[in-house]
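Any read-out appearing in this document is the output of simple, stated calculations on the displayed coordinates, not a laboratory observation. Nothing here was measured: the structure is a model prediction, and the numbers come from that model. So basically every Cβ, Gly included, is an ideal-geometry build from the backbone, and we count neighbours across all protein chains shown.
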């Protein structure tokens, strides 16, 4: 194992621990996406370009976008609930 692969493994462990400890959803998504990118670089160093491309496209790209879309929908629901609560309090 080279020193570069060792550094990548350390970053992977740090990302895995950070995702499990972080309470902020946006930060967790960004850490997960960086985990996927580091994993794709690790696959390249192991001479598996097909896995690296798949990990970068699906792990960091598509999954990250789906997480961001879900997070946006969650905040949209909370914003609508807050507006309806304000309207109900004004009517009383």
>> Apply the a/c threshold of 1.5 to the C-alpha gyration tensor of segment 20-77 and tell me whether it is rounded, prolate or oblate.
In response: oblate
> What percent do you get for the relative contact order of segment 7-70 when only Cα pairs under 8 Å and 6+ apart count?
Replying inline: 32 percent
> Say each of residue 50 and residue 13 gets a label point 7 Å from the Cα, pointing the same way as Cα to Cβ; how far apart are those two points in nm?
Replying inline: 3.1 nm
